[in-house]
Each structure stands twice: as C-alpha cells, then as structure tokens.
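The structure appears right after this line, and notes come after that.
The values are calculated or read from the model by the stated rules, or taken from the named source; none is laboratory data. In this text, all values refer to a predicted model and were calculated from it rather than measured experimentally. So basically every Cβ, Gly included, is an ideal-geometry build from the backbone, and we count neighbours across all protein chains shown.
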Amino acid sequence: VSTDAATLAERLLSGDRRALARAITQVEQDGPAGAELLRAVYPQSGGATVIGITGAPGSGKSSLVDRLIGAYRAKGRRVGVVAVDPSSAFSGGAILGDRVRMQQHATDPDVFIRSMATRGHLGGLSRATNDAVDLLDAARYDPLLVETVGVGQDEVEIVRTADCVVVVLVPGMGDDVQAIKAGILEIADLYVINKADREGADRLQTDLEQMLTLGPKTAARPAILRTVAVRGEGIDGLVAAIAAWLEQSGPARRAERRRERAASRLLAVLGERVMARLLAEGFGAGGFELAVQRIAERETDPYSAARAVLDRLEVSP
Ligand SMILES: Nc1nc2c(ncn2[C@@H]2O[C@H](COP(=O)(O)OP(=O)(O)OP(=O)(O)O)[C@@H](O)[C@H]2O)c(=O)[nH]1
Ligand SMILES: [Mg+2]
C-alpha cells in the first residue's frame, strides 16, 4: 500500500469526513488509488448492517431514508447513506433532490450521505457502490442505508445482497406489476406501502398478500408495512420490522448474504479487469472499431471476432 493510500485510509478510519468523501470519489473513479485504498481498509469493514431500500422512481425512498436516519440517530446510531441515482446521469437534479430531502441531517457529524452517479461506470456501478459501503462501514457508520431505484439489473444487484432488503411500493400506480417486471419483488425481505395517505393502499396490500401466497412456502413471508414518509408516519414500525427481520433471519442467513455479496463483488472486479485487459491487449490501435465495423457489415460474425481476440491472447476457450 502506497503512503498516499495509507495516509488517506488512516484519516478515514479515525473519523475524518473529508478523507471519507475523497476515498469514495477514488473508488468511484476506479483507478489504482481506489483499489489500494479499499485494500487498506477492507479488514476494518464488515461490521455494519446494510439495509437496502429499493422501489420505483418517486416512490418515496429518499423521504423514507430521511426518516430512517432520524429514527436511527434517535437511537444514537451513526448512519451512512449511499443513494444510487440514475437520473443524475441526465440532469444532476436527483442528487440535488436527495440533498434537499435529507438536508436536515447534512450538518450532523454522525450522518454521512453520498450520492453515486450511475454515469460513467459502464457496469461497474455495483462494484463502486459496494466499495463505498465498505468505506462507510470501515469509518464505523452503522447502519448503512443503500437507496437504489429498482429498475435496472445493476440496481437490483446492488441491493440484492443487503442484510435486509426493503421494497417500497406506492398505491395507485400499478406498481405491483411494475415491480414484478423489474424483478424486485423476489428480493424483498420487507415491503413498505409508502404514500399510504393515498387512495388504494388497502387494495395494494390485498394484491400483495395474494401474490405472496403464491410465492415459495419455505422462506418466512415478508411483512408488509405502511408508511407516510412525508409525515413521518409508520417509521418506528418500519425500524422495528427491520430489527425483527434481522433477528429472526439469524446469523446463518446473514453469513449467506455476505457470501453472496463477496461472490458478486469478486465477479464484478474480475469482469471489469478482464474486460479492460482484453480491450487493451486484444486489439491494436483502432482494432476494436475495425472489428465492430466488420461485424456490422457482415464480413465476420461476433463469435469469430471474439475467437480471434482470444486466440491472439492465447486465452483458452
Ligand atoms: N403523499 C405522499 N407523498 C410522498 C410520501 N413520501 C414521499 N412523497 C413525495 O413523493 C415525491 C418523491 O419522493 P422521494 O423521496 O424523492 O422519492 P424517491 O423514491 O427517492 O425518488 P427517486 O430517488 O427519484 O426515485 C416527493 O415529492 C415526496 O414529497 C408520502 O408518504 N405521501
Ligand atoms: Mg431518491
């Protein structure tokens, strides 16, 4: 570990918030600096409980996270938040939105909120987010709340292996159907019907319960809670339900989730590294574009082109 990384790691571990912010930027950039830093703090991480909050755009995830921060702070916990923000790729607006929504906590030294832009990660979003979670963990924030929009495969992958996965639904949006499509229902440990002040909460609850009876009978059926995040209603119940789930699911389940998370991270890093090497070493200057053009013009096919690259690098099939 270089002295730069060692110094930054030390500052982070001693509670320096600016060091933490810089560290997260480094893992986001996916350079050697980020990798070294993560290596330095990784042994100090793994203690925090990771709570994933996912759901359709605008379902009130950030509003819920804001309330959860308040609830955990009231218990004296130091809370870390990582919000993954797809819309920021277009406008940067959502980052601002999150900041505003959670602003009351912005000056609390025991709360650390970070938005991750999805832009520029090329599939490494899950890796970068998990790295950020580890950094917050090493800096002794616990619990860690990870907000993602349950739309893309990447976003689902991020929360899937959290210690507790909370799926947020809203009445009257045909949300249930939307969630099934996005594959987020099967990863839920708990359901929250937020915006329960709106019409249709009963109906959504009935639909959800009905759907859950069709699910696997082996696992404990996820609880369904109702909240009105903007008014802070139902938050204590949600906190209690999260605690109960963590308690009830037990250490074996927790260990299994962590193994899954470790596997997904190893594969993500390997995938990124191997692909980067293939692209760098498998083609000469302009070679990639040339291959793409030849495939597009049917002079060759994707399989033969890939085969040629692998042969060049002497990678076995
Ligand atoms: N009526 C009502 N509105 C709510 C409730 N919770 C959140 N909202 C509103 O819903 C809108 C979206 O809330 P956010 O907390 O930003 O939702 P989000 O899921 O984080 O949104 P994205 O991160 O953009 O996907 C805001 O205007 C909130 O004020 C609720 O319980 N009831
Ligand atoms: Mg949000």
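Taking only pairs six or more apart or across chains, which ones have beta-carbon atoms under 8 Å, a first residue in segment 31-47 that is on the phi < 0 side of the Ramachandran plot, and a second residue that is among the basic types (Lys, Arg)?
GLY47/ARG140
Any residue in segment 58-70 that's over 16 Å from THR107 (Cα atoms): show its pairings with residues that are hydroxyl-bearing (Ser, Thr, Tyr) and modelled with pLDDT under 95 at Cβ separation under 9 Å, as long as the two are six or more apart or on different chains.
Close Cβ pairs (under 9 Å, with a partner that is hydroxyl-bearing (Ser, Thr, Tyr) and modelled with pLDDT under 95) amount to LYS61/THR54; LYS61/THR148.
Is it true that ALA138 is at pLDDT 95 or above and either within 13 Å of ligand 2 (Cβ to nearest atom) or out of contact with any Pro (no Cβ under 6 Å at 6 or more places or on another chain) (or both)? Steps first, answer last, please.
Values: at pLDDT 95 or above: yes; either within 13 Å of ligand 2 (Cβ to nearest atom) or out of contact with any Pro (no Cβ under 6 Å at 6 or more places or on another chain) (or both): yes.
Against the criterion (at pLDDT 95 or above and either within 13 Å of ligand 2 (Cβ to nearest atom) or out of contact with any Pro (no Cβ under 6 Å at 6 or more places or on another chain) (or both)), ALA138 qualifies.
When segment 223-238 is examined, which residues are found to be away from ligand 2 (no atom under 16 Å from the Cβ) and either touching a Phe, Trp or Tyr at 6+ places or on another chain (Cβ under 6 Å) or in a helix (DSSP H, G or I) (or both)? Walk me through how you get there before you give the answer.
Quick first cut of segment 223-238, residues away from ligand 2 (no atom under 16 Å from the Cβ) only: 223-226, 228, 231-238.
Selection gives ILE224, ARG231, ILE235, ASP236, GLY237, LEU238.
Looking for whichever is within 30 Å of VAL168 (Cβ to Cβ) and out of contact with any Leu (no Cβ under 7 Å at 6 or more places or on another chain) here; the options are PRO57, PRO32. Which one fits?
Numbers: PRO32 fails: within 30 Å of VAL168 (Cβ to Cβ).
The unique qualifying residue is PRO57.
Does VAL159 fit the bill of being at pLDDT 75 or above, under 13 Å from ALA83 (Cβ atoms) and among the aliphatic types (A, V, I, L, M)?
Details: at pLDDT 75 or above: yes; under 13 Å from ALA83 (Cβ atoms): yes; among the aliphatic types (A, V, I, L, M): yes.
Considered against the rule, which asks whether it is at pLDDT 75 or above, under 13 Å from ALA83 (Cβ atoms) and among the aliphatic types (A, V, I, L, M), VAL159 comes out as yes.
Here is a list: GLU272, GLU233. Which entry is modelled with pLDDT of 90 or more and not polar (S, T, N, Q)?
Working: GLU272 fails: modelled with pLDDT of 90 or more.
Step by step, each of GLU272, GLU233 is checked, and only GLU233 is modelled with pLDDT of 90 or more and not polar (S, T, N, Q).
Identify, from the list LEU225, LEU270, the residue that is among the hydrophobic types (A, V, I, L, M, F, W, C) and surrounded by 12 or more Cβ atoms within 10 Å (Cβ to Cβ).
Details: LEU270 fails: surrounded by 12 or more Cβ atoms within 10 Å (Cβ to Cβ).
None of the other options fit; the residue is LEU225.
Would you check if there is a residue in segment 199-206 being more than 16 Å from ligand 2 (Cβ to nearest atom), polar (S, T, N, Q), modelled with pLDDT of 85 or more and out of contact with any strand residue (DSSP E or B) (no Cβ under 8 Å at 6 or more places or on another chain)? Working first, answer last.
Applying the first criterion (more than 16 Å from ligand 2 (Cβ to nearest atom)) to segment 199-206 yields 199-206.
Within this subset, residues satisfying the condition of being polar (S, T, N, Q) are 205-206.
Retained after the next criterion (residues that are modelled with pLDDT of 85 or more): 205-206.
Add one more test, that the residue is out of contact with any strand residue (DSSP E or B) (no Cβ under 8 Å at 6 or more places or on another chain), and what stays is 206.
Looking for residues that are more than 16 Å from ligand 2 (Cβ to nearest atom), polar (S, T, N, Q), modelled with pLDDT of 85 or more and out of contact with any strand residue (DSSP E or B) (no Cβ under 8 Å at 6 or more places or on another chain), one finds at least one in segment 199-206, hence yes.
Go through (1) surrounded by fewer than 13 Cβ atoms within 10 Å (Cβ to Cβ); (2) without any contact (Cβ under 8 Å) to a residue 24 or more places away in the chain; (3) farther than 27 Å from ASP154 by Cα; (4) touching a helix residue (DSSP H, G or I) at 6+ places or on another chain (Cβ under 8 Å) for LEU313 and report which single condition fails.
Failing condition for LEU313: (2).
Restricting to segment 275-313, what's the tally of residues that are assigned to a loop (DSSP other than H, G, I, E, B) and either of a type in the set (Gly, Ala, Ser) or over 22 Å from GLY124 (Cβ atoms) (or both)? Let's see the steps before the verdict.
The first filter runs over segment 275-313 and keeps only residues assigned to a loop (DSSP other than H, G, I, E, B), leaving 282-286, 297-301, 313.
Still in the running and either of a type in the set (Gly, Ala, Ser) or over 22 Å from GLY124 (Cβ atoms) (or both): 282, 284-286, 297-301.
Adding up the residues that qualify gives 9.
Output the residues belonging to segment 141-169 that are under 25 Å from GLU199 (Cα atoms) and surrounded by fewer than 23 Cβ atoms within 10 Å (Cβ to Cβ).
Scanning segment 141-169 gives a single hit, VAL151.
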